[in-house]
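Report on the structure given below.
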Amino acid sequence: MIYTVTLNTAIDKIIKINGVLTRKMNNKIRNVSFDIGGKATHVSVVLSKLNINNIATGFVGSENALTLTTLLKNKGVTCDFISQENCSTRESLVILDDSGNGSFMITESGFEILEESQCKLVEKLSNQVTKNDYVVFAGSPPRGFNVDQYINIVKTVTDKGGKLIIDASGDYLREAIKLKPYLIKPNEFEFQELVGKPLNTIDEFIPEMKKLLNDGIEFVVVSLGKKGSLVGTKQSFYRVIPPVIKEINDTGCGDVFVGGLVASLYKQTSIEDMLEFSTALSASKASQNESSSFCLKQTKQLEAEVKIEKLEAYSI
Ligand code: ATP
Ligand code: MG
Ligand code: MG
């Protein structure tokens, strides 16, 4: 089984503005729609679209839990969240205008997770995760959630022999690495924060990635936005260059990319196929408006345009 864990779930409220969003002006709304907010929930959306069984868990607020779970169920995702009473899942405003310069995102911090809810999640994972299940933690926890509490939940997976996939940042990523995750997917900024220095060239990235692989992580994937990704395994390093698309909204590209990676791991495809598919899938996402939308037909076409270079100089 594959589990996706979103500790700070969100509902995206997408507001499309006529023209370019301007201060001191009445910015007229063209239309409003709702979508599933990231992070691991989007990984579930990818998996379900590919007909791969998975369970989305984490925390939701009881007051509007149905809005989120209905959006997820409409995309074929099985939901098994811990619902906290008298709380609301946060709403994130995504403002899109006609400038073509990407979206504005305005987010709430999310409700505080009670100790009781945290225990329920630990219990759920502990009862359900079995050896070699994939468990994806994507996104940071909400405010008031300290690193020890985060690790207490994440550790349940490694204790059970599950394969841990981490897409997090800051101290959460730093501490989770000590649990030897199966795969990590920081973006270039998260990775530089992790290593504590600026990295400008591939030659500067690779040694830092190597250190993590030596620490026991199987896949170190650093995503570089429209520049693609750098990928390291114990055997080889790869530079992946995505196809050129007209970028409409790159919010959620990382989540969709992780979705593609997890789907490929589950299907046990070759690493080249995994990178080609995930890169084409996330490029398709970048060319779409909504943060969890992508097109499998377009992905198929884009796959042929993904360039994968094996960095022979760094092979072991
Ligand atoms: P998120 O906002 O979901 O957290 P992220 O910053 O973690 O995203 P990115 O590095 O921005 O992740 O994007 C993930 C992958 O998506 C990239 O490695 C790349 O393959 C693809 N991608 C992102 N933007 C573009 C783009 N403009 N064109 C083509 N591919 C893109
Ligand atoms: Mg990015
Ligand atoms: Mg990200």
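Here's the yes/no breakdown for (1) modelled with pLDDT under 95; (2) within 16 Å of ligand 3 (Cβ to nearest atom); (3) in a loop (DSSP other than H, G, I, E, B):
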site	(1), (2), (3)
LYS197	no, no, yes
ILE217	no, no, yes
VAL231	no, yes, no
LYS234	yes, no, yes
PRO243	no, no, yes
THR251	yes, yes, yes
VAL258	no, yes, no
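Only one of (1) within 16 Å of ligand 3 (Cβ to nearest atom); (2) within 19 Å of ALA40 (Cα to Cα) fails for SER264. Which number is that? Every listed condition holds for SER264 apart from (1). In the set GLU204, GLU190, GLU208, only one residue is part of a helix (DSSP H, G or I), near ligand 1 (Cβ under 9 Å from one of its atoms) and charged (D, E, K, R); that residue is GLU190.
Among LYS155, LYS131, which is the only one that is modelled with pLDDT of 95 or more, of a type in the set (D, E, K, R) and not in a helix (DSSP H, G or I)?
Numbers: LYS155 fails: not in a helix (DSSP H, G or I).
Only one candidate qualifies: LYS131.
Contact map, the range 71-84: first residue over 15 Å from ALA10 (Cα atoms) and touching a residue at least 40 places away in the same chain (Cβ under 8 Å), second residue aliphatic (A, V, I, L, M) and in a helix (DSSP H, G or I), Cβ cut-off under 6 Å, separation 6 or more or different chains; pairs are LYS75/VAL45.
Which residue out of GLY102, GLY139 is surrounded by 20 or more Cβ atoms within 10 Å (Cβ to Cβ) and under 30 Å from ILE245 (Cα atoms)? So that I can check it myself, show each step before the final result.
Numbers: GLY102 fails: surrounded by 20 or more Cβ atoms within 10 Å (Cβ to Cβ).
Result: GLY139 is the single residue among GLY102, GLY139 that is surrounded by 20 or more Cβ atoms within 10 Å (Cβ to Cβ) and under 30 Å from ILE245 (Cα atoms).
Which of the residues that make up the range 95-118 are outside any loop (DSSP other than H, G, I, E, B) and out of contact with any Lys or Arg (no Cβ under 7 Å at 6 or more places or on another chain)? The answer is ILE95, PHE104, MET105, ILE106, GLU115, GLU116, SER117, GLN118. Among the residues of the range 182-193, those identified as in contact (Cβ under 8 Å) with a residue 24 or more places away in the chain and within 16 Å of ligand 2 (Cβ to nearest atom) are ILE184, LYS185, PRO186, ASN187, GLU188, PHE191, GLU193.
Rundown of residues vs (1) surrounded by 17 or more Cβ atoms within 10 Å (Cβ to Cβ); (2) under 30 Å from TYR266 (Cβ atoms); (3) in contact with a helix residue (DSSP H, G or I) (Cβ under 8 Å, 6 or more places away or on another chain), yes/no style:
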position	(1), (2), (3)
ASN54	yes, yes, yes
ALA65	yes, yes, no
THR69	yes, yes, no
CYS79	yes, yes, yes
ILE95	no, no, no
ASP98	no, no, no
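Pairing each residue of the range 205-233 that is more than 29 Å from SER287 (Cα to Cα) with any residue that is more than 16 Å from ligand 1 (Cβ to nearest atom) and outside any loop (DSSP other than H, G, I, E, B), provided the two are 6+ apart or on different chains, yields C-beta distances under 6 Å for ILE206/TYR314; GLU208/VAL195.
Look through LYS49, LYS13, LYS73, LYS24 and report the one residue that is more than 16 Å from ligand 3 (Cβ to nearest atom) and either hydroxyl-bearing (Ser, Thr, Tyr) or in contact with a Cys (Cβ under 7 Å, 6 or more places away or on another chain) (or both). Give the derivation first.
Numbers: LYS49 fails: either hydroxyl-bearing (Ser, Thr, Tyr) or in contact with a Cys (Cβ under 7 Å, 6 or more places away or on another chain) (or both); LYS13 fails: either hydroxyl-bearing (Ser, Thr, Tyr) or in contact with a Cys (Cβ under 7 Å, 6 or more places away or on another chain) (or both); LYS24 fails: either hydroxyl-bearing (Ser, Thr, Tyr) or in contact with a Cys (Cβ under 7 Å, 6 or more places away or on another chain) (or both).
Answer to the check: LYS73.
Using the structure shown, decide if GLY254 is surrounded by 23 or more Cβ atoms within 10 Å (Cβ to Cβ) and more than 7 Å from ligand 1 (Cβ to nearest atom). Criteria not met by GLY254. The one condition from (1) away from ligand 1 (no atom under 14 Å from the Cβ); (2) of a type in the set (S, T, N, Q); (3) touching a helix residue (DSSP H, G or I) at 6+ places or on another chain (Cβ under 9 Å) that ASN214 does not meet is (3).
With the range 1-54 as the region, which strands (runs of 3 or more DSSP E) entirely inside it contain at least 2 residues that are under 23 Å from ASN132 (Cβ atoms)?
Details: elements: 2-6, 10-17, 29-36.
Once the strands (runs of 3 or more DSSP E) in the range 1-54 are filtered for at least 2 residues that are under 23 Å from ASN132 (Cβ atoms), what remains is 2-6.
The values are calculated or read from the model by the stated rules, or taken from the named source; none is laboratory data. Fair warning: this is a prediction, and the values are worked out from it, not measured in the lab. Positions of Cβ are backbone-derived with ideal geometry, glycine not excepted, and every protein chain shown enters the neighbour counts.
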